[in-house]
Amino acid sequence: MVLEIKDISKKFDKQVLNDVSIKLEPGIYGLLGPNGAGKSTLMKITATLLKADSGSIYLSGEDIKKQGEKYLDILGYLPQDFGCYPGFTGYQMIEFLGRVKGMDQKTIQKRSEMLFREFDLYDARNKRVDKYSGGMKKRIGIIQAFINDPKILLLDEPTAGLDPIQRLHFKNYLTEQAKDKIILFSTHITEDIESICQKILLLKNGEIIVSGTEEEMISVLVNKIFEISIHQKNLKKFIDKYKVVNYKAERELMKVRFINDEKIENSHYIKPTLEDVYLFYNDEGKKDGDINARLS
């Protein structure tokens, strides 16, 4: 099974997507990018909820437009803003959405019971969703995305509203499910996709500017990440001169993490992270130095 997103473009008042092409096989793919990069638009087009201006999407070589319900039957989609029917209980909502997806009652009952238990909502399944917390509503959204046991899963900012333990559980569950599913996970939070993605795609201004495995992405900044302690009064001058990733107070000093081509006095090398890579490609206000490494 191969899902190929080929030369997808979309324009509203400005160009949102520009010839985006991605080839996906079973596994987890992280679509990483800042707000406004075009992630949600790409998700909606892939879910057939929005029409592209140009380009096509193919499943196993056949245009999904020709496949129609055959494609939708194996699709699960969690939009960034998932709306709930306030008068429904959690179970009633999942039952309704399962019916919409063409599932029979017996399968809905079996799958929903398993998923309500999996995402710790079983005791609240008969509670009205308008009484749910934000995190509970997000988990209902996750359950509906999985209810039909989809082969293609599109998750747009799925961890927003989840606490750290729920985020970890969700990542572990995705890893278990990814053996026979194509999972496209959209986020602007690097820790959401660390250690679970087969490939990471960095979307910026409607274009995939870099892609690769997590190891390949991080390798761009090997021996380029440093840490140094400086006096607080010198922080602004340091930020103006170097590409700073982050900093924190440490007594009367500031511990600063920064990107540079060469080691400077009193600094020391540290291991790069995916967040360093993300900030490197997105922080246009800081100097890039001579780091020109890019992945294909």
If the Cβ limit is 9 Å and pairs must be 6+ apart or interchain, which residue in segment 6-19 that is farther than 20 Å from ASP63 by Cα pairs with which residue that is part of a strand (DSSP E or B)? LYS11/LEU17; LYS11/ASN18; GLN15/SER9; VAL16/SER9; VAL16/LYS10
Identify all residues within segment 150-170 that are assigned to a loop (DSSP other than H, G, I, E, B) and more than 12 Å from the chain's Cα centre (by Cα); write none if there are none. PRO150, LYS151, GLY161, LEU162, ASP163
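Using the structure shown, decide if ILE28 is part of a helix (DSSP H, G or I) and under 20 Å from the mean Cα position of the chain (by Cα). Steps first, answer last, please.
On the way: part of a helix (DSSP H, G or I): no; under 20 Å from the mean Cα position of the chain (by Cα): yes.
The answer is no for ILE28.
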The conditions are (1) closer than 21 Å to LYS65 by Cβ; (2) of a type outside the set (Phe, Trp, Tyr); (3) under 14 Å from the mean Cα position of the chain (by Cα), and SER9 fails exactly one of them. Which is it? (3)
Would you say ALA145 is in contact (Cβ under 8 Å) with a residue 12 or more places away in the chain, in a loop (DSSP other than H, G, I, E, B) and under 16 Å from the mean Cα position of the chain (by Cα)? no
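State yes or no: is ILE22 touching a helix residue (DSSP H, G or I) at 6+ places or on another chain (Cβ under 6 Å) and outside any loop (DSSP other than H, G, I, E, B)? Please lay out each step first, then the result.
Numbers: touching a helix residue (DSSP H, G or I) at 6+ places or on another chain (Cβ under 6 Å): no; outside any loop (DSSP other than H, G, I, E, B): yes.
No; evaluated as a whole, the condition is false for this residue.
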Any hit, segment 13-22, residues being out of contact with any Pro (no Cβ under 9 Å at 6 or more places or on another chain), aliphatic (A, V, I, L, M) and under 27 Å from THR107 (Cβ atoms): no
Among the numbered conditions (1) crowded, with 19+ Cβ neighbours inside 10 Å; (2) in the same structural domain as LYS14 (by TED's automatic domain parsing), tell me where LYS224 comes up short. (2)
Consider TYR77 carefully, then state whether it is within 29 Å of ASP130 (Cα to Cα), surrounded by 16 or more Cβ atoms within 10 Å (Cβ to Cβ) and modelled with pLDDT of 95 or more. yes
Would you confirm, using the coordinates I've provided, whether LYS106 is in a helix (DSSP H, G or I), more than 21 Å from the chain's Cα centre (by Cα) and more than 30 Å from GLY135 (Cα to Cα)? no
Pull up segment 89-106, narrow it to residues that are hydrophobic (A, V, I, L, M, F, W, C) and exposed (fewer than 15 other Cβ atoms within 10 Å of the Cβ), then point me to the one that is nearest to ARG139 (Cα to Cα). PHE96
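Being touching an Asp or Glu at 6+ places or on another chain (Cβ under 7 Å), on the phi < 0 side of the Ramachandran plot and either of a type in the set (Lys, Arg) or in the same structural domain as ASN126 (by TED's automatic domain parsing) (or both) narrows it down to one of TYR77, TYR58, so name that one. Before the answer, list the steps.
Numbers: TYR77 fails: touching an Asp or Glu at 6+ places or on another chain (Cβ under 7 Å).
Testing whether each residue is touching an Asp or Glu at 6+ places or on another chain (Cβ under 7 Å), on the phi < 0 side of the Ramachandran plot and either of a type in the set (Lys, Arg) or in the same structural domain as ASN126 (by TED's automatic domain parsing) (or both) leaves just TYR58.
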Flagged pairs (Cβ under 6 angstrom, 6 or more apart or on separate chains; first in segment 116-132, among the charged types (D, E, K, R); second in a loop (DSSP other than H, G, I, E, B)) are ASP130/PRO86
Among (1) touching a helix residue (DSSP H, G or I) at 6+ places or on another chain (Cβ under 7 Å); (2) within 18 Å of PHE185 (Cα to Cα), where does LEU42 come up short? (1)
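Among the listed residues SER211, SER267, SER296, SER219, identify the single one that is at pLDDT 90 or above, polar (S, T, N, Q) and closer than 27 Å to GLN15 by Cα.
Working: SER267 fails: closer than 27 Å to GLN15 by Cα; SER296 fails: at pLDDT 90 or above; SER219 fails: closer than 27 Å to GLN15 by Cα.
Step by step, each of SER211, SER267, SER296, SER219 is checked, and only SER211 is at pLDDT 90 or above, polar (S, T, N, Q) and closer than 27 Å to GLN15 by Cα.
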Just a yes or no: is a residue in segment 155-174 under 30 Å from LYS101 (Cβ atoms), at pLDDT 95 or above and touching a Gly at 6+ places or on another chain (Cβ under 9 Å)? yes
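The values are calculated or read from the model by the stated rules, or taken from the named source; none is laboratory data. These numbers were taken from a predicted model, which means no experiment stands behind them. Every residue, glycine among them, receives a Cβ derived from its backbone with ideal geometry; neighbour counts consider all protein chains shown.
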